[in-house]
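Colleague: The following block contains the structure, expressed as structure tokens.
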């Protein structure tokens, strides 16, 4: 009997050796590769970079802008209509060239929605032809204030909303990395499950072939009936088909995992480790919800959505269809002269004051309708956000409870797998010495395989729930610390 058992073990060992690749990888290694080198990671990293530069653009809009503008040169030669000294109009041929250069510093005023600018400018006009001459116009200093009144202040609202969008993008990046972990772990366990089932199929085939070979000898000696021999032959044939299917499943799932991680990041042939340890920690539901509120992008989004609804109400009340009053004031110095030096001597004061007014008298209720629509939408958003928060908290609560159940199920699955394997080994030995029937052996084999499948499913579901809780809370309960970075 020891010789027969040794033969079975050797056959199984050498068959399983066919799937051992050049590289053996754990769950942690696969996830690390996926979160640092996979195509999905590169996409997520580029999205994060895009959001960062969008935010930098937004911040730059609130800083001073130094602008140089000009017209160098502007040549004009044409017949044009001009006003004569006596008031008549005449068409004359004119030929002139003008050059203008202005340097200005512009600053938006966030609190009021207006703008202030300081500039200096120089302009030259050259009359060409028989009566040619040159003149200069200098504006050494000119300050302008433009201030809308009773209007929607887009600058102020954007300063409240855009930082929230940027904070969302950072948290979204951290969440996307955890989503990559979930997807990679799912593919890992798909490949691992098919690898284990392939190993089981190889062992079953080796065992069935060995038992069938022994049974043929026993049949020739008249110790078993022909129907039992035929049953064993059928088992051997079925196990061969199961090996073929299991190998195909393993190759397909391994290819899917390799493609997700990146073909260049994994060897052509590889095998996987089962996770050696199961995370052993308790998760408090209230703590999980608290961490989610602090770390998740969704709760920043809830706040932003309410702010955007309030902004829309303000825009409806003070938008372009309402009272539009804009005041512009400017103060500076300028001078004109035939020479450049003279244009900067004896400077004269320059003042500008302008008020633009637009007041709708009759709009058939358009403004009121827009305001009421925005107010109704604001109430919808606030109500929806409250419900979304409740749904989100409920999802976390459910996942935490499920995680606890799945850990218990996994512990049961581990024990059941050990018992079923031991029972099959005993049944196999007892069959070889004629103590049990072929029916009992087949039942033990089926129960062993079913226990293995149940264990693999429990293992996969447990780790999926584990990574989903990490993604939902952005908190590492093993290390008791938030996940990810808050830096761009």
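Read-outs: derived from the displayed coordinates by stated rules, not from any lab. Here the structure is a predicted model, which means the values were calculated and not measured. Every residue, glycine among them, receives a Cβ derived from its backbone with ideal geometry; neighbour counts consider all protein chains shown.
Colleague: Please arrange 258, 94, 296 by how many other C-beta atoms lie within 10 Å of their C-beta, fewest to most.
Modeller: 94, 258, 296
Colleague: Over the chain, calculate the relative contact order: mean separation of alpha carbon pairs under 8 Å at least 6 apart, over the residue count, as a percent.
Modeller: 20
Colleague: Subtracting the Cα-Cα distance from 0.36 nm times the residue separation, let me have the gained length for residue 345 to residue 366 in nm, one decimal.
Modeller: On the way: separation 21, 0.36 × 21 = 7.56 nm, distance 5.55 nm.
Here the answer is 2.0 nm.
Colleague: Against the globular-protein guess of 2.2 N^0.38 Å, express the Cα radius of gyration of region 326-377 as a ratio, rounded to two decimals. Let's see the in-between values first.
Modeller: On the way: Rg = 23.3 Å, N = 52, 2.2 N^0.38 = 9.9 Å.
Working it through for region 326-377, the quotient is 2.35.
Colleague: Neighbour counts of other C-beta atoms within 10 Å: give me 27, 248 arranged from fewest to most. Don't jump to the answer; show the numbers that get you there.
Modeller: Working: 27 20, 248 12.
Taking fewest neighbouring Cβ atoms as first place, the list is 248, 27.
Colleague: Rounded to a whole number, what is D in µm²/s for region 374-488 from Stokes-Einstein with the Kirkwood radius over alpha-carbon pairs (25 °C, 0.890 mPa s)? Display every interim value, and only then the final one.
Modeller: On the way: Rh = 18.2 Å.
My calculation gives 135 µm²/s for D.
Colleague: Computed from the mean reciprocal separation of all distinct C-alpha pairs, what Kirkwood hydrodynamic radius does region 102-216 have, in Å?
Modeller: Over region 102-216, the inverse of the mean reciprocal pair distance is 23.0 Å.
Colleague: Given N residues in the chain, what is its alpha carbon radius of gyration divided by 2.2 N^0.38 Å? It would help to have the intermediate numbers written out before the result.
Modeller: Values: Rg = 40.1 Å, N = 488, 2.2 N^0.38 = 23.1 Å.
For the chain, the normalised Cα radius of gyration is 1.74.
Colleague: At 7 Å along Cα-to-Cβ for each site, give me the label-to-label distance between residue 99 and residue 245 in nm.
Modeller: 8.8
Colleague: Shifting gears a bit: What is the Cα centroid distance between region 223-259 and region 282-358, reported in whole angstrom?
Modeller: Cα centroid to Cα centroid, the span is 72 Å.
Colleague: Quick one: 53, 157, fewest Cβ neighbours within 10 Å first, how do they rank?
Modeller: Ordered from fewest to most neighbouring Cβ atoms within 10 Å, 53, 157 come out as 53, 157.
Colleague: What number, in percent, do you get for the relative contact order of region 133-257 if the mean sequence gap of Cα pairs under 8 Å and at least 6 apart is divided by its residue count?
Modeller: Over region 133-257, the number comes to 32 percent.
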